[in-house]
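Visitor: Okay, handing you the structure first.
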Amino acid sequence: MFEYRKLIVCLVLLATVVLLNVPHFWAMRLRSSSRDVIAPFQSALTLGGGRLRESLDSLTGARRVMREKNRQAVEITRLQFLVDQYSALADENRELRELLNFNERMPYRLVVGEVIGRGDPSGWWQMIRINCGSDDGVRPNLAVISPQGLIGKTTEVSGQTSDVLLITDPNCRVACRLLRTGGLGVVRGGGVRPTADPELELLYLIEALRMDYISLNQQLQPDDIVVTSGLGGIFPEGLRVGRVKSAGTEPGGLYQRAAIVPSADLRQLRFVSVVVPVEGGGADNP
Amino acid sequence: MNLIIMLLVSMAAALLQMLVPVLNWAGQARLLVLAAVAVYYALYRETHVALCGAFVAGLMHDVLSPVPLGYSSFMLIILTFVIGRVRHLVHPDAIITGMFFGGFITLAFTIGMHLLLYYGGHARWPWSMVWVKALWQALLAALVTPWVCLLCRRLDGWVGNVEVREAFHA
């Protein structure tokens with residue numbers, strides 16, 4: 001019996017060493033299959049909780065729902081007006097591109113997913129998990145958006161789920177452009193960062209987005225709109241990222257730096273869309 | 001039966017861990033239910049079962065998060081060894097024991113994980129923030145671990161992995 005126990009201890013230690021050195025391909029396979037097994041339960045629990053909350057809300061918030069419905073009707077009218085305008089512009093743009101012999105822009109399709117998990121289980125990264133994966137054509141490093149703007153990018157994708165690294169995570173960097181001035185820069189998440197006030201660190205740790213490497217020539221103003229520039233190779237051009245909150249010169253004095261408020265409310269996400277490039281498109285857009 | 005219960009408990013703990021929201025204002029602190037499961041196995045079960053429990057809990061933690069495979073198992077196995085060396089000195093049924101070891105293992109796990117992630121180039125947090133996160137996670141774990149131990153012990157009693165009388169007198 002003693003030998004049997006020692007054997008199990010040795011096997012567990014050996015398995016740990018193997019696990020630490022498992023090749024990337026097999027690690028991804030293991031992660032993918034485990035996530036697909038967990039996904040239905042995670043989805044059911046998250047959606048069940050959401051439905052329960054909705055039911056409670058519907059008991060108390062009929063008036064609020066009516067107000068929201070009216071607001072959305074106005075919003076739909078406004079958006080329809082914009083769509084009509086954009087259709088005319090798109091026709092004009094196509095004609096001009098034909099005249100100049102430009103290639104067609106790479107077309108995209110949107111894969112809609114529902115958020116089934118918030119935050120990664122370890123708590124080191126700012127992520128969400130959505131219920132669409134490689135079965136729907138999603139793959140790593142694709143932009144994820146909500147109606148308000150850019151949310152982040154896909155990282156690990158299994159058959160039925162995808163992890164999305166939020167733009168507020170310091171590991172997520174987006175090549176961006178200021179809409180008014182055309183100035184370029186790189187937006188990254190502030191993440192958790194010490195501030196000058198040591199007491200404040202204990203109370204509030206999440207910084208807004210930060211836009212680095214803005215030329216000193218750019219005249220930044222509060223509420224300037226920031227959109228993706230399309231230069232990074234992952235995010236298509238023109239996706240709304242946020243607006244400028246404040247700006248200043250970097251400590252080195254070579255560039256400007258701006259604090260950015262994200263357009264999308266990342267705490268309230270429920271449905272998001274993955275921007276999937278359609279194969280066989282033209283080549284003038286990454 | 002031990003392994004089946006271990007897998008089921010770890011899966012349920014992982015689901016619960018993912019369901020409970022992150023405390024963004026507390027350094028993205030998470031309720032680490034899987035660490036509490038490892039504490040249960042370390043405190044109540046024989047060494048070889050405890051190590052298997054730590055391995056399975058760590059594996060579940062890693063496959064569901066972007067943490068490289070094996071990091072959590074490695075940390076939890078070391079901490080299980082540590083608890084195994086001192087558990088004869090404490091009364092395992094006391095609530096304070098579960099609270100203390102829940103807090104301790106979570107604190108050490110968080111700091112150790114950041115060391116591994118930092119030197120592996122996966123996550124680089126300022127150390128002040130890591131301490132804030134670790135302390136909050138330890139506090140949360142201290143509150144939850146006694147209940148996780150009680151539930152796991154009763155479950156093991158029901159299925160016959162431990163003596164039923166022992167399980168229900170917990």
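The values are calculated or read from the model by the stated rules, or taken from the named source; none is laboratory data. The structure presented is a predicted model; accordingly, all values stated were derived computationally and were not measured. Glycine also receives a Cβ, built like all others from the backbone with ideal geometry; neighbour counts cover every protein chain displayed.
Visitor: Could you tell me how many of the residues in region A:209-224 are touching a residue at least 40 places away in the same chain (Cβ under 8 Å) and over 12 Å from A:Leu184 (Cα atoms)? Before you say what the answer is, go through the steps one by one.
Guide: Taking region A:209-224 and keeping what is touching a residue at least 40 places away in the same chain (Cβ under 8 Å), we get A:209-216, A:218, A:220-221, A:224.
In the following step, the residues that additionally are over 12 Å from A:Leu184 (Cα atoms) were identified as A:209-210, A:221, A:224.
The total comes to 4.
Visitor: Let me ask something else. Are any residues in region A:107-123 at pLDDT below 85 and under 26 Å from B:Ala57 (Cβ atoms), and if so, which ones?
Guide: The answer is A:Gly117, A:Arg118, A:Gly119, A:Asp120, A:Pro121, A:Ser122, A:Gly123.
Visitor: Okay, next question. In region B:35-53, how many residues are facing chain A (nearest Cβ under 8 Å) and within 13 Å of the chain's Cα centre (by Cα)?
Guide: Residues in region B:35-53 being facing chain A (nearest Cβ under 8 Å) and within 13 Å of the chain's Cα centre (by Cα): 2 in total.
Visitor: Answer yes if at least one residue in region A:101-109 is among the aromatic types (Phe, Trp, Tyr) and in a strand (DSSP E or B), and no otherwise.
Guide: Here is the first cut: in region A:101-109, the residues among the aromatic types (Phe, Trp, Tyr) are A:102, A:108.
Keeping just the survivors that are in a strand (DSSP E or B) gives A:108.
Checked region A:101-109: at least one residue is among the aromatic types (Phe, Trp, Tyr) and in a strand (DSSP E or B).
Visitor: With the structure loaded, tell me whether B:Ser65 is buried (at least 18 other Cβ atoms within 10 Å of the Cβ), modelled with pLDDT under 90, over 13 Å from the mean Cα position of the chain (by Cα) and hydroxyl-bearing (Ser, Thr, Tyr) or whether it fails that test.
Guide: Details: buried (at least 18 other Cβ atoms within 10 Å of the Cβ): yes; modelled with pLDDT under 90: yes; over 13 Å from the mean Cα position of the chain (by Cα): yes; hydroxyl-bearing (Ser, Thr, Tyr): yes.
Against the criterion (buried (at least 18 other Cβ atoms within 10 Å of the Cβ), modelled with pLDDT under 90, over 13 Å from the mean Cα position of the chain (by Cα) and hydroxyl-bearing (Ser, Thr, Tyr)), B:Ser65 qualifies.
Visitor: Let me ask something additional. Tally the residues that are modelled with pLDDT under 90, surrounded by fewer than 18 Cβ atoms within 10 Å (Cβ to Cβ) and aliphatic (A, V, I, L, M), restricting the search to region B:68-95.
Guide: Number satisfying all stated conditions: 5.
Visitor: Residues of region A:155-172 being assigned to a strand (DSSP E or B), within 12 Å of the chain's Cα centre (by Cα) and in contact (Cβ under 8 Å) with a residue 40 or more places away in the chain, which ones?
Guide: If we filter region A:155-172 for residues that are assigned to a strand (DSSP E or B), which is where we start, we get A:155-157, A:162-166.
Those still in the list that are within 12 Å of the chain's Cα centre (by Cα) too: A:155, A:162-166.
Passing the criteria: A:Ser162, A:Asp163, A:Val164, A:Leu165, A:Leu166.
Visitor: Okay, moving on. Exactly one condition in (1) away from every other protein chain (no Cβ under 11 Å); (2) out of contact with any Gly (no Cβ under 7 Å at 6 or more places or on another chain) is not met by B:Val67; state its number.
Guide: For B:Val67, the exception is condition (1).
Visitor: Determine whether B:Trp136 is over 19 Å from B:Tyr41 (Cβ atoms), within 14 Å of another protein chain (Cβ to nearest Cβ) and either of a type in the set (D, E, K, R) or not in a helix (DSSP H, G or I) (or both).
Guide: no
Visitor: Tell me, yes or no, whether region B:78-94 has at least one residue that is touching a helix residue (DSSP H, G or I) at 6+ places or on another chain (Cβ under 8 Å), within 12 Å of chain A (Cβ to nearest Cβ) and closer than 23 Å to A:Gln42 by Cβ.
Guide: No.
Visitor: Scan A:Thr77, A:Thr60, A:Thr16, A:Thr46 and give me the residue that is over 27 Å from B:Val49 (Cβ atoms) and either in contact (Cβ under 8 Å) with a residue 12 or more places away in the chain or within 12 Å of chain B (Cβ to nearest Cβ) (or both).
Guide: Numbers: A:Thr77 fails: either in contact (Cβ under 8 Å) with a residue 12 or more places away in the chain or within 12 Å of chain B (Cβ to nearest Cβ) (or both); A:Thr60 fails: either in contact (Cβ under 8 Å) with a residue 12 or more places away in the chain or within 12 Å of chain B (Cβ to nearest Cβ) (or both); A:Thr16 fails: over 27 Å from B:Val49 (Cβ atoms).
Answer to the check: A:Thr46.
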